[in-house]
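*Asks:* Below you'll find the structure I mean.
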Ligand SMILES: [Zn+2]
């Protein structure tokens, strides 16, 4: 508004008649000087206000803390699954990611670069993250971030990873507040597999929420990276036995069971405490498909049970790319966006909201 007013003043000065030119010129010069000073002051004030203004809080429930690996360090186009290649088993396997777009996301070159960018984005966007993976990296992030803004999560995919006793001890020690990512699908196992049951029982007893990978996997996961992976084991219905055995267990379905929307909606309808996150799918599958999927969940009445997540790994700008999908979702109201980006996670993880604002 201030700028508009000042430009109007300049235009008024310029609109003087030819006859009044000498006088108008002096007045115009004065006006321009005052206007210039005013504009500088207004710009400085708005910059100061911008710096003081806190971004509305965001919680990313799905971040992977990992050491940078030169074998997994390529750039990546968001929504890279928009054009899955027609491949042949006798040819070279298709590339998992592609870089054929105007602005591929750059992979971080080392751990420090990734950490610096993560912490600066978290500070700028007033973010909290739930992070699983390498405990040394998680501790480094905790030291660099504002207190309480990195919530450690203990991942487990099969009973060979850790004994039940060691797992229970780890959860009881207090460092880990969450269990996940649990990804039995990549092991060719159902989440209700009896071999995982004692681990879930420990989480239930200790009041620890659990995130389980269901669905997604990219294009050709079985051929390219994970021969044991089975699409059918991402079916949300496979959670029902587990949920029935552990009625107090708080479970969120990572990747929202994509693409099994009907099963996901049916499961959430029958099980009142199940939430989903939209991590991974939000930046990898075709954007229209992602929006349709989120819209369908909200339309089905589950807007209060969708958690925002990225599946953050190696590309620093992935956070902004993913948040942009929610920010620009014209099918969501302001309140629905705030639920997804923050309120639902506060409720699900039983957080003290005042500490994260
Ligand atoms: Zn996952």
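Just so you know, all these numbers are worked out from the coordinates, no wet-lab data involved. The shown structure was predicted, so the numbers you read here are calculated from the model rather than taken from an experiment. Methodologically, a virtual Cβ is constructed for each residue, glycine included, from the backbone with ideal geometry; neighbour enumeration extends over all protein chains shown.
*Asks:* Cα convex hull of the chain: how many Å³ per residue? Mind showing how you got there, number by number?
*Replies:* Details: hull volume 65.0 nm³, N = 357.
Given the Cα convex hull of the chain, per-residue volume reads 182 Å³.
*Asks:* How much length would be gained if the chain were fully extended between residue 92 and residue 304, taking 0.36 nm per residue of separation minus their Cα-Cα distance, in nm to one decimal? Walk me through the numbers on the way to the answer.
*Replies:* Working: separation 212, 0.36 × 212 = 76.32 nm, distance 4.41 nm.
Value of the extension gain: 71.9 nm.
*Asks:* Let a ≥ b ≥ c be the square roots of the eigenvalues of the Cα gyration tensor of region 85-185; is it rounded (a/c under 1.5), or, if not, prolate (a/b larger than b/c) or oblate? Please list the in-between numbers first.
*Replies:* On the way: a/c = 2.99, a/b = 1.26, b/c = 2.36.
It comes out oblate by the Cα gyration axes.
*Asks:* Helix 318-327 versus the longest principal axis of the chain: what angle, 0 to 90°, nearest 10, using Cα atoms?
*Replies:* 70 degrees
*Asks:* Another one. For residue 197 and residue 347, calculate 0.36 nm times their separation in residues minus their Cα-Cα distance, and state this gained length in nm to one decimal.
*Replies:* Numbers: separation 150, 0.36 × 150 = 54.00 nm, distance 2.53 nm.
That pair, residue 197 and residue 347, stretches by 51.5 nm at full extension.
*Asks:* D for region 140-269, whole µm²/s, Stokes-Einstein with Kirkwood Rh over alpha-carbon pairs at 10 °C and 1.306 mPa s: what number?
*Replies:* D = 103 µm²/s.
*Asks:* With the contact rule set at Cα under 8 Å and sequence spacing of 6 or more, what percent relative contact order holds for the chain?
*Replies:* Details: 564 pairs, mean separation 65.2, N = 357.
With pairs under 8 Å counted, the relative contact order is 18 percent.
*Asks:* With labels modelled as points extended 7 Å from the Cα through the Cβ direction, what inter-label distance (nm, one decimal) is found for residue 110 paired with residue 71?
*Replies:* So the two model labels end up 2.2 nm from each other.
*Asks:* Could you please state, rounded to a whole Å, how far the C-alpha centre of region 328-348 is from the C-alpha centre of region 122-137?
*Replies:* 20 Å
*Asks:* Enter the angle in degrees (range 0 to 90, nearest 10) between the Cα long axis of helix 261-270 and the first principal axis of the Cα atoms of the chain, meaning the one along which they spread out most.
*Replies:* Relative to the chain, helix 261-270 is tipped by roughly 70 degrees.
*Asks:* I want to check the label-to-label distance for residue 82 and residue 117. Put each point 7 Å from Cα in the C-beta direction and report it in nm to one decimal.
*Replies:* Each label point lies 7 Å from its Cα, and together they span 2.1 nm.
*Asks:* Given the C-alpha atoms of region 160-213, compute the convex hull and give its volume per residue in Å³. Before the final figure, lay out the partial values.
*Replies:* Values: hull volume 4.0 nm³, N = 54.
Cα convex hull per residue, to the nearest whole number: 75 Å³.
*Asks:* Something else now. To test your reading of the geometry: what angle, between 0 and 90 degrees and rounded to tens, separates the Cα axis of helix 21-52 from the longest principal axis of the chain?
*Replies:* 20 degrees
*Asks:* How large, in Å, is region 284-357 by the Kirkwood hydrodynamic radius built from its alpha-carbon pairs?
*Replies:* After inverting the pairwise mean of 1/r, the radius is 13.2 Å.
*Asks:* Please report the Cα spread of region 193-298 along all three principal axes, rounded to whole Å, starting with the longest.
*Replies:* 39, 34, 19
*Asks:* Per-residue ellipticity at 222 nm for the chain, helices alone: DSSP H runs ≥ 4 residues times -39500 (n - 2.57), over residue total, nearest 500 deg cm²/dmol? Please report the intermediate quantities before stating the final value.
*Replies:* Values: 14 runs with 144 residues, N = 357.
Counting only the DSSP helices, I get -12000 deg cm²/dmol.
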